[in-house]
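Asker: I have a structure I would like to understand better, so I am pasting it below and will then ask my questions one at a time.
Throughout, read-outs are computed from the coordinates displayed, never taken from laboratory work. The model shown is predicted, which means the values in this text are computed figures rather than measured ones. Backbone-built Cβ (ideal geometry, glycine too); neighbour counts: all protein chains shown.
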Amino acid sequence: MKTMNVAMIGGGFMGKAHAMAYAAMPMFFWPAPAIPVRKVVVDIDQARADEAATRFGFEEGSADWRAVVARDDIDVVDICTPNDTHAEIAIAAAKAGKHIISEKPLARTAEEAKAMLDAVQAAGVIHMVAFNYRRTPAVALARKLIDEGRIGEIVNFRGTYLQDWSADPDSPLSWRFQKDVAGSGTIGDIGTHVVDFARYLVGEIAAVNSVNRTLIPTRPVQEGNVDKLGVGGGDANAKRGIVDVDDEMITQLRFSSGAYGSIEASRNAHGRNNYLTFEIHGTKGSILFDYEHRDALQVMFADDPADVRGFRTIYTGAAHPYGEGLWPIPALGIGYGETKIIECYDLFRAITSGEQPSPSFDDGFRICQIADAIIASGESQSWIEV
Ligand SMILES: NC(=O)c1ccc[n+]([C@@H]2O[C@H](COP(=O)([O-])OP(=O)(O)OC[C@H]3O[C@@H](n4cnc5c(N)ncnc54)[C@H](O)[C@@H]3O)[C@@H](O)[C@H]2O)c1
């Protein structure tokens, strides 16, 4: 069986998720399209890189991503670093002829994302952006039901991504709260996942009308490289720095199809941990998904007899998308890890077949354009065509 060498840049939260997926993908999806070899992991210094190599099962650690992406023995470059580094790494990797998966958002701005898209298209390599939540089997099932016309023509979409890990004003000022590193706050970090859902399930977004704000304007400056996502709390006595990105956004959407929609994203929503949801209404029924109960899809068909009409709960299993590789019994449990394993499977299927996967850098670029429009709309307090 074909093996392919992976260089993973960044050994933090996503480094952990992607490393686990490289190891587990062939265990779930067999025969695997190719066996990923965890060749080298890169971090900001040699000690951190070596520690990541030991922990995540890579053959080597390195502190020099430029040298690594140019190596002849690397087939795939996996970008798991903060957003300000995605463009430079991806463009260098494309020039070196490597297939690329980049974490989301693809870049800080649409302009950066366009340069990345141009580079991968010029190089003719496979490219993917890691909006893995759409690979939750229940979400893929929603797409299948919509494609089959089971809920008719879509009338509206309402999506949320609400979290509370930074609701504490003393939760640290990590890279996620700095515009020069992150590009934006909730818009790019979590809102883009819902934009990906909206485009995947309903279609292209034509215009947005948004309100965005920063509820907590300063936070204690964080020591260390990895964003701890509020774990352990902050030091109320530490020096505080300015938060120059949004921490709450609400946007209305107008789809090219004529459907309407809305997205809300917040990291200050006490009690909401990873409340990533959508509710879609069609002319023949409705679909509801809540990632906090991600094994299930709620579906309602309007032509059911009146005495049993209502939402039914479908637990995903072998009969549903990706069921051939996942656990054989519905409701046994789908986790974040499974979405990354499926993403890895689809990436290597794309590489071995030569067909671009979805979401690709084209989608990543388009989502950055929508994110830029959400920011501009919030500033101008008006509808913006995307
Ligand atoms: N798909 C998802 O669900 C999801 C979830 C979380 C984060 N992300 C995205 O993944 C990316 C990384 O986020 P994270 O949460 O893993 O961050 P993190 O802070 O946990 O880890 C980032 C790692 O990158 C390293 N790093 C920083 N600059 C580097 C450089 N120039 N060279 C090599 N290593 C470098 C850091 O030292 C750290 O180990 C971001 O783009 C983020 O938006 C996606």
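Asker: Please return the longest stretch of the chain lacking exposed loop sites, where GluC sites (Glu not before Pro) count only if DSSP places them in a loop and at most 15 other Cβ atoms lie within 10 Å.
Answerer: Values: sites that count: Glu59, Glu148, Glu153, Glu204, Glu223, Glu324, Glu355.
Free of exposed loop sites, the longest segment is 224-323.
Asker: Could you run the Debye sum over the Cα atoms of the stretch 207-256, one equal point scatterer each and no solvent, and tell me log10 of I(q)/I(0) at q = 0.17, 0.20, 0.25 Å⁻¹, two decimals?
Answerer: -0.66, -0.79, -1.01
Asker: While we're on this one: State the answer as a single residue: which of Gln46, Ile329, Ala24 lies farthest towards the positive end of the charge dipole of the chain, with beta carbon charges of +1 for Lys and Arg and -1 for Asp and Glu, about the Cα centre.
Answerer: Towards the positive end, the residue furthest out is Ile329.
Asker: For Thr313 and Ile35, FRET efficiency with R0 = 25 Å and r from the beta-carbon atoms, rounded to 0.05? Each step should come with its number before you reach the end.
Answerer: On the way: r = 37 Å, r/R0 = 1.48.
After rounding to 0.05, the efficiency reads 0.10.
Asker: Can you compute the helix-only [θ] at 222 nm over the chain? Use -39500 (n - 2.57) per DSSP H run of at least 4 residues, normalise by all residues, nearest 500 deg cm²/dmol. Mind dumping the intermediate values first?
Answerer: Details: 10 runs with 119 residues, N = 386.
When only DSSP H runs of four or more count, the value is -9500 deg cm²/dmol.
Asker: Using only the alpha carbon atoms of the stretch 183-302, find the Kirkwood hydrodynamic radius as the inverse mean reciprocal pair distance, in angstroms to one decimal. Before the final figure, lay out each step's value.
Answerer: Working: mean 1/r = 0.0605 Å⁻¹.
About 16.5 Å, per the Kirkwood formula over Cα pairs.
Asker: Let me ask something additional. At a Förster radius of 51 Å, what calculated FRET efficiency corresponds to the Cβ-Cβ distance of Tyr260 and Ala67, to the nearest 0.05? Before the final figure, lay out each step's value.
Answerer: Values: r = 50 Å, r/R0 = 0.98.
The calculated FRET efficiency here is 0.55.
Asker: Once you have the Kirkwood Rh of the stretch 114-201 from its Cα pairs, apply Stokes-Einstein at 20 °C and 1.002 mPa s and quote D in µm²/s.
Answerer: Working: Rh = 16.1 Å.
Value of D from the Cα-based Kirkwood radius: 133 µm²/s.
Asker: Averaging sequence separations of C-alpha pairs under 8 Å and six or more residues apart, then dividing by the length of the chain, give the relative contact order as a whole percent.
Answerer: Details: 897 pairs, mean separation 80.2, N = 386.
Relative contact order of the chain: 21 percent.
Asker: Also, quick follow-up: Quote to one decimal, in nm, the extra length available between Asp303 and Lys16 on full extension: 0.36 nm per residue of separation minus the C-alpha distance between them. Write out the running numbers ahead of the final one.
Answerer: Details: separation 287, 0.36 × 287 = 103.32 nm, distance 4.55 nm.
Result: 98.8 nm gained on full extension.
Asker: Moving on. Remind me, what semi-axes does the stretch 37-146 give for its equivalent ellipsoid, largest first in whole Å, using sqrt of 5 times each Cα gyration tensor eigenvalue?
Answerer: Details: eigenvalues 129, 71, 35 Å².
Ellipsoid semi-axes (Å, largest first): 25, 19, 13.
Asker: Given charges of +1 on the Cβ of Lys and Arg and -1 on the Cβ of Asp and Glu, with all other atoms neutral, how large is the dipole of the chain about its Cα centre, in debye to the nearest 20?
Answerer: Here the chain has a charge dipole of around 400 debye.
Asker: Could I ask something else about it? Please report the projected area of the stretch 288-386's Cα convex hull averaged over all directions, in nm².
Answerer: On the way: hull surface 41.8 nm².
Its Cα hull, projected and averaged over all orientations, spans 10.4 nm².
Asker: From the gyration tensor of the Cα coordinates in the chain, what semi-axes in whole Å does the equivalent ellipsoid have, largest first, with each one equal to sqrt(5λ)? Mind dumping the intermediate values first?
Answerer: Details: eigenvalues 198, 147, 83 Å².
Computed over the chain, the values are 31, 27, 20 Å.
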